[in-house]
Every structure is written in C-alpha cells, then in structure tokens.
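Notes for the one structure printed next.
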Amino acid sequence: MEKIGLILEGGGMRGIYTAGVLDFFIEKDIEVDIVIGVSAGSCHGASYLSRQFKRSYHATLDYIEDKEYLSFRNLIKTGSIFGMDFIFNKIPNELNIFDHKTFNKSKSKFIVVTTNCESGKAEYFELKDMNKEILYMQASSSIPMFANIVEVDGYKLVDGGIADSIPIEYSLSQGYKKNIVILTRDETYKKDKLKFIPIIKSRYREYPKLVDAMENRHINYNKSLDLVKKLEDTGDAFVIRPKKPVKISQLEKNREKLNQLYEDGYNDAKEVYNDILKFMKKE
C-alpha cells in the first residue's frame, strides 16, 4: 500500500475549516503516514495526532474574545498580535490540556514548515516531543509584521507559509506519492502579490532573502496550486477545500463566522468520506 501524506495549509483563523475536517477524520479513525502542517495547519495537525476531538475548535473559539489571545494590545506590548505564550504555553498546559501521551504514540510523522529569515527558504522540522519542540510550531505560526522572529537552535524563523504555503513538493520528495491536501481557500482563489512591500523592506532590511520570499510568495503559492490540481487530475491528490470564497480574514474574531467555517469543514469531509476511503484504498 502506498504511503499517504496529509498536507495542511495555514491561513490564520481560516484554519478553523481544517479543524472541522480533522475532527471528522478523528471520528472515523482516518490515519495517514505523515502530517505536514503550515502555520495554523500545524497547530490543528497536532490536535489531530493527539486524537482530541474538538480540541482545536475550543482552543480557538473559547478564547477569541480574550485580549491575551488576539489583540492589537498584544502587538504593541509584545510585537505579536497573537499572544504566543498564551497560545503555546497557557492553553496546552493549563486551559485545554494537550494529550502528549497519545501524540507520542502516533505512528504518523509530524512535520512543521517554517521560513528561514536568513536564507528565505523553507525549513522542515519533525516534531516528536511537543513539550521540547513547540517553539518550532510557534515559529511556523509567526506571521511577519504581526509576530516576532522566533530564534531556536541557531535558526531565525517565521511563518512557513512565506516559503512553502502548500508543501506538496516536499511531501513528494519524501516519498509520499499520494496526498490528501486540505486548503483554506476555495477553488477559484489565486494569490495576489503582497501589498506594502516598501514597509516590509524597511522592517526586514536585515533579511533581504526573506523580503524576496515575501515578494515572490504569490508566484510560488500559485505554482503549488497548479501542481495540486495536476495531481488531483491524475488521482494522486485528494483535495478538501471550502466550496465558496471564504469571507474570513487571518485575524477574524466573529464567533458565528468561525463556527460556520468549522461546520463547513466537518460537513465537507463527511460528504466525501467514501471517496477518501477509495483514495486511501481502505474501502
């Protein structure tokens, strides 16, 4: 049987769609050989591997009004609009406890994608111990301009979506020829060039290759979309994505909108359940 990859795009709060899909996967005991998460996708991927149904949902929506979770006050005080200590320490260790034991027993490899500020290239890290390695997940979720650079083990890292938003090529290069790809945008979406490039150049003038990666992000993103489509057409990729344009920003705080997007993800996965089984050759 061919090895199956699961690729999880980021998108900030749009990632709640992915949480819905993965909760359906948890319910149906759908397991893969490798999970590759980018930014918010890495966070939801961890809860999927710890088999904690609706943990991602509650870890997002229960604290959406809390200024410690998401606020411009955070940005002014700490340099990050998301409360990184709150999200990556307080929530998993005190408020919505992460199941390390189940995560550690998972047979799936878990890779988080980051962007190296100095090279402008993607860096891929396998996480085996969330207690020791959660900083890599924080780095994967650190959106430039809205979060600080994360320094860990000699690396200077930011959000993985800058260098590799949809890591399909990486998965193929690692030998995973069949991939389930969860996207947080509908089929009509194409990424436009980033605005405010002069501000980005000023902010990250010490990291010209990171600036180049941000300037060219739309090109690489759209190339990855094209490859996903090609693989979908040949039966080597199974894509789950929103059916209509997502009117939710990376920093969305509307509970009703977020809840609906979660439900969309769950129901979209449920609708194609038999097709997923056929794709994985488990029916």
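The values are calculated or read from the model by the stated rules, or taken from the named source; none is laboratory data. The shown structure was predicted, so the numbers you read here are calculated from the model rather than taken from an experiment. All Cβ positions, glycine included, derive from the backbone under ideal geometry; neighbour counts span all protein chains shown. To get the accessible areas, we keep the full protein, side chains included, count just its heavy atoms, and leave off ligands, DNA and RNA. Shrake-Rupley method; radii C 1.70, N 1.55, O 1.52, S 1.80 Å.
Observations, loosely collected:
- Sulfur and carbon atoms: percent of accessible area, the chain [1.4 Å]: 48
- GNM result for the chain, Cα springs below 10 Å: residue of V112, V158, V246 fluctuating most strongly: V246
- Förster radius 45 Å - calculated FRET efficiency between Y189 and N274 (Cβ-Cβ, nearest 0.05): 0.95
- When the pairs K109/K209; K105/K230; K109/K156; K101/K195; K67/K156 are compared against a 32 Å limit on Cα-Cα distance, K105/K230; K101/K195 fall above it.
- Accessible area per residue for the stretch 48-102 is 49 Å², calculated with a 1.4 Å probe on protein heavy atoms, without ligands, DNA or RNA.
- Among R14, R73, R217: highest mean-square fluctuation, GNM of the chain, C-alpha pairs under 10 Å: R73
- Each label point was placed 7 Å from the Cα along the Cα-to-Cβ direction; for K229 and E215 their separation is 2.7 nm.
- Net lengthening on full extension, K3/D85 (0.36 nm per residue, minus Cα-Cα): 26.0 nm
- Debye log10 I(q)/I(0) at q = 0.24 Å⁻¹ for the stretch 150-222, Cα point scatterers: -1.17
- Overall form of the stretch 1-78 per C-alpha gyration tensor (a/c, 1.5; a/b vs b/c): prolate
- Each DSSP beta bridge with both residues in the chain is either parallel or antiparallel, and the antiparallel ones are about 40%.
- Efficiency of FRET from Cβ geometry, V152 and I199, R₀ 25 Å, rounded to 0.05: 0.45
- With R₀ fixed at 35 Å, the C-beta to C-beta distance from N222 to M145 puts the FRET efficiency at about 0.95.
- The Cβ shell under 9 Å around K193 holds other residues with a net charge of +1, Lys and Arg each +1, Asp and Glu each -1.
- Total formal charge among the other residues, if their Cβ is under 10 angstrom from that of V211, Lys/Arg +1 and Asp/Glu -1: +1
- Label selected from (i) 1.08; (ii) 0.93; (iii) 1.00, the criterion being Cα Rg over 2.2 N^0.38 Å as computed here: (ii)
- For the chain, a simple Cβ point-charge model (Lys and Arg +1, Asp and Glu -1, everything else neutral) yields a dipole of about 400 debye relative to the Cα centre.
- Inter-centroid distance (Cα atoms) of the stretch 218-275 relative to the stretch 64-78, Å: 28
- GNM top mover of R241, R51, R255 - the chain, alpha-carbon springs below 10 Å: R255
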